[in-house]
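The values are calculated or read from the model by the stated rules, or taken from the named source; none is laboratory data. The shown structure was predicted, so the numbers you read here are calculated from the model rather than taken from an experiment. FYI the Cβ positions are ideal-geometry reconstructions off the backbone, even for glycines, and counts take in every protein chain you see. For accessibility, only protein heavy atoms count, side chains too; no ligands or nucleic acids. Shrake-Rupley method; radii C 1.70, N 1.55, O 1.52, S 1.80 Å.
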Amino acid sequence: MKEISIGKLAYSKLFLHLAKYPQLSCNGILLSKPSKNSSVKFVDCVPLFHSSFTLAPAFEIALSQIDSYCQQNGLVISGFYHAFDNNNQTEPNMMCYKLAEKLKENGDVSFCLIVDNSKINPSNREPCFNVYSFGDDQKLKKFPGNLNLEEGTYETCEKLLEENRFSLINDFDNHLDDVKKDWRNLKLNENISAVESLSAK
Amino acid sequence: MSTKNLEKIKNWNDASLQLRNWRDDNVRMSKETLDLWTAYIAPSINRLGDEKWLVYEQVFLAALDCQNFTIAEDCLAALKAQFSSSKRVKKLRAMRYEAKEDYHSALEIYESILEEDETNAHVLKRRLVCLKAQNRINDYVRELNEYLKLFQADHEAWLELCDTYLNEMDFAKAAFCLEELILMYPHNHVYQQRYADIKYTQGQFDLAKTYYLYSLKLNPNNVRSLYGLLLTTANLKSSQKTKEGSDNTKLNLWAREQIEKKYNDVDSDKNLIDSVNSLFQYLTIGKNEK
């Protein structure tokens, strides 16, 4: 596989999740459309947790519901992102490895996006993460190919940051604390699309 | 200043009240604190009277969090002028070094405070945090354990140690920390539920089920415990063929009904309910299972 790409919606939601919990680690699942050729495009993401990442129960419930969501929308789980609370940690750790391994067992591809905390601000005009992929050799290695972002992604993130929209995103932790909070963030998806169409003018 | 939290602030009084609430609740709303400071409080800080020293400290810490060293220096200068020989202000000076990642200088100051007062818990904890910030996790865990020998009732520290062990996937030691917390606070449903989560992760479904039940007895609305009960009873079903097996079935069904009710109460849409139902199908104990 030579390249992977990430859509505006997926990137924006990832970004908002990080912005909502700047002092904590965060992680989430990345979803893509199943494709016949060997390219992967992340079209949506589900923010998962901002605490206790290694506990199984919440994780099993989340994955099961996300699986069902994928079936309803013709998507597959193809990777996850993780942001460490420690500013200087940029490499995946054992927890990331185990998660990548688990996703690979259940799908064709398993990508692991580790956020680089120095690159989160969209004014950098650089993707805020490094990409690793879990190969058939059972190793998690840096992905050598290209990473494409949809046009207008950084501008959308800047606008969302300006308007303090990060308080609107809900992750699975929020949902378990109050089931009214929608982990699919459907309303927020609409908001993000509205921002996109403004910045396109 | 358009975050949801700040929509209700219309004037100086609202702002100072909000800051007081955040101080009392010990919440970390750094960006919002700085917004309120700049917009309302700073221009007329003296209206606060003696409260202003607490506000200076609060804003100083928020400024460090947001790496706004200009505001931080202003606040620190005011505090130093008023309390020139205070250990508390000395600690704040050290925290400014921490914010700049100059741990060497920060630690020098902490050591000098501890020389005069070796049981100053705040400073002992700052010293620990310097280790965590430098990602020296093994040292951090060791020192945190030493700290807890002195301050066994510090529940925050036990929680922190538990979280650290969880990140390192050392579930047995994480469970031990929660056991200490449960002994101290036996009526806290969150500790019971988190303990159950750890037991589940370790594969000890029986024990997990027991603690989810304790948690639900204390708070029947704990959704994580309801889901936990569902998961544990589903995992236990195949290993039991006795009265316990039928008890599991009943608990499984009860958990399912409670969860369904929760989603219906908040008018969840069909797709979300479908997702939850597909989970139930996977985790329900069939009527034929004995």
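Mind checking which residues of the range A:131-170 are within 14 Å of another protein chain (Cβ to nearest Cβ) and under 18 Å from the mean Cα position of the chain (by Cα)?
Initial filter on the range A:131-170 (within 14 Å of another protein chain (Cβ to nearest Cβ)): A:159-170.
The answer is A:160, A:161, A:165, A:166, A:167, A:168, A:169, A:170.
Restricting attention to the range B:247-272, which residues are more than 9 Å from chain A (Cβ to nearest Cβ) and surrounded by fewer than 14 Cβ atoms within 10 Å (Cβ to Cβ)?
Pass one, the range B:247-272, residues more than 9 Å from chain A (Cβ to nearest Cβ): B:247-258, B:260-261, B:264, B:270.
Those that are more than 9 Å from chain A (Cβ to nearest Cβ) and surrounded by fewer than 14 Cβ atoms within 10 Å (Cβ to Cβ): B:250, B:257, B:261, B:264, B:270.
Limited to the range B:183-198, what total is found for residues that are more than 16 Å from the chain's Cα centre (by Cα), surrounded by fewer than 17 Cβ atoms within 10 Å (Cβ to Cβ) and in contact (Cβ under 8 Å) with a residue 12 or more places away in the chain?
So the count comes out to 2.
Return the residue satisfying two criteria in turn: it lies in the range A:32-52 and is in contact (Cβ under 8 Å) with a residue 12 or more places away in the chain and over 15 Å from the mean Cα position of the chain (by Cα), and of such residues it is nearest to residue B:231 (Cα to Cα). Quick ask: steps written out before the conclusion?
Quick first cut of the range A:32-52, residues in contact (Cβ under 8 Å) with a residue 12 or more places away in the chain only: A:32-34, A:38-51.
Cutting the leftovers down to over 15 Å from the mean Cα position of the chain (by Cα) gives us A:34, A:38-39, A:51.
On the way: A:34: 30, A:38: 36, A:39: 36, A:51: 20 Å.
Only one residue fits best here, namely A:51.
Please enumerate the residues belonging to the range A:46-55 that are more than 7 Å from chain B (Cβ to nearest Cβ) and either crowded, with 18+ Cβ neighbours inside 10 Å or over 23 Å from residue B:224 (Cβ atoms) (or both). Walk me through how you get there before you give the answer.
As a first pass, look at the range A:46-55 and keep what is more than 7 Å from chain B (Cβ to nearest Cβ): A:46-51, A:53.
Matches in the range A:46-55: A:46, A:47, A:48, A:49, A:50, A:53.
Every residue, every condition in (1) free of Cβ contacts under 8 Å to residues at least 24 places away in the same chain; (2) open to solvent by 50 Å² or more (accessible area, probe 1.4 Å); (3) out of contact with any strand residue (DSSP E or B) (no Cβ under 6 Å at 6 or more places or on another chain), yes or no:
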| residue | (1), (2), (3) |
| --- | --- |
| B:18 | yes, no, yes |
| B:24 | yes, yes, yes |
| B:33 | no, no, yes |
| B:37 | no, no, yes |
| B:42 | yes, no, yes |
| B:50 | yes, yes, yes |
| B:54 | no, yes, yes |
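Out of all the residues in the range B:97-112, which are in a helix (DSSP H, G or I) and within 20 Å of residue A:87 (Cβ to Cβ)?
We begin by selecting, within the range B:97-112, every residue in a helix (DSSP H, G or I); these are B:97-99, B:103-112.
Result: B:97, B:98, B:99, B:103, B:104, B:105, B:106, B:107.
If I ask for residues that are without any contact (Cβ under 8 Å) to a residue 60 or more places away in the chain, facing chain B (nearest Cβ under 7 Å) and either among the basic types (Lys, Arg) or open to solvent by 10 Å² or more (accessible area, probe 1.4 Å) (or both), which ones from the range A:56-85 would you list?
A:56, A:60, A:64, A:68, A:72
Since residue A:106 meets every condition but one in (1) within 18 Å of residue A:29 (Cβ to Cβ); (2) surrounded by fewer than 15 Cβ atoms within 10 Å (Cβ to Cβ); (3) modelled with pLDDT of 90 or more, which condition does it not meet?
Single failed check for residue A:106: (3).
So, in the range B:56-96, exactly how many residues are without any contact (Cβ under 8 Å) to a residue 24 or more places away in the chain and assigned to a loop (DSSP other than H, G, I, E, B)?
3
If we scan the range B:113-128, do we find a residue that is buried (at least 17 other Cβ atoms within 10 Å of the Cβ) and in a loop (DSSP other than H, G, I, E, B)?
The answer is yes; a qualifying residue exists.
Looking at the range B:124-148, I want the residues that are within 25 Å of residue A:90 (Cα to Cα) and within 14 Å of another protein chain (Cβ to nearest Cβ) and have a partner that is part of a helix (DSSP H, G or I) and of a type in the set (D, E, K, R) with Cβ atoms under 6 Å, at least 6 apart or on another chain. Which pairs are those?
B:131/B:139; B:140/B:132
Among (1) out of contact with any Leu (no Cβ under 9 Å at 6 or more places or on another chain); (2) within 23 Å of residue A:22 (Cα to Cα); (3) hydrophobic (A, V, I, L, M, F, W, C), where does residue B:12 come up short?
Single failed check for residue B:12: (2).
What number goes with the only condition from (1) away from chain B (no Cβ under 12 Å); (2) within 30 Å of residue B:228 (Cα to Cα); (3) open to solvent by 20 Å² or more (accessible area, probe 1.4 Å); (4) assigned to a helix (DSSP H, G or I) that residue A:100 does not pass?
(3) is the only condition that residue A:100 fails.
Considering the range B:199-221 alone, what residues qualify as being within 11 Å of chain A (Cβ to nearest Cβ) and either open to solvent by 50 Å² or more (accessible area, probe 1.4 Å) or within 21 Å of residue B:244 (Cα to Cα) (or both)? Give the steps one after another, and end with the answer.
Residues of the range B:199-221 that are within 11 Å of chain A (Cβ to nearest Cβ), as a first pass: B:199-203, B:205, B:208, B:212, B:221.
Residues satisfying the conditions are B:199, B:200, B:202, B:203, B:205, B:208, B:212, B:221.
Among the residues of the range A:118-150, what is the count of those that are in contact (Cβ under 8 Å) with a residue 40 or more places away in the chain and in a loop (DSSP other than H, G, I, E, B)?
Looking only at that region, the number is 6.
Within the range B:166-223, work out how many residues are under 23 Å from residue A:177 (Cβ atoms) and in a loop (DSSP other than H, G, I, E, B).
8
Please verify whether the range B:152-164 includes one or more residues that are open to solvent by 20 Å² or more (accessible area, probe 1.4 Å), within 12 Å of chain A (Cβ to nearest Cβ) and either over 18 Å from residue B:95 (Cβ atoms) or touching a Phe, Trp or Tyr at 6+ places or on another chain (Cβ under 7 Å) (or both).
Yes: one or more hits.
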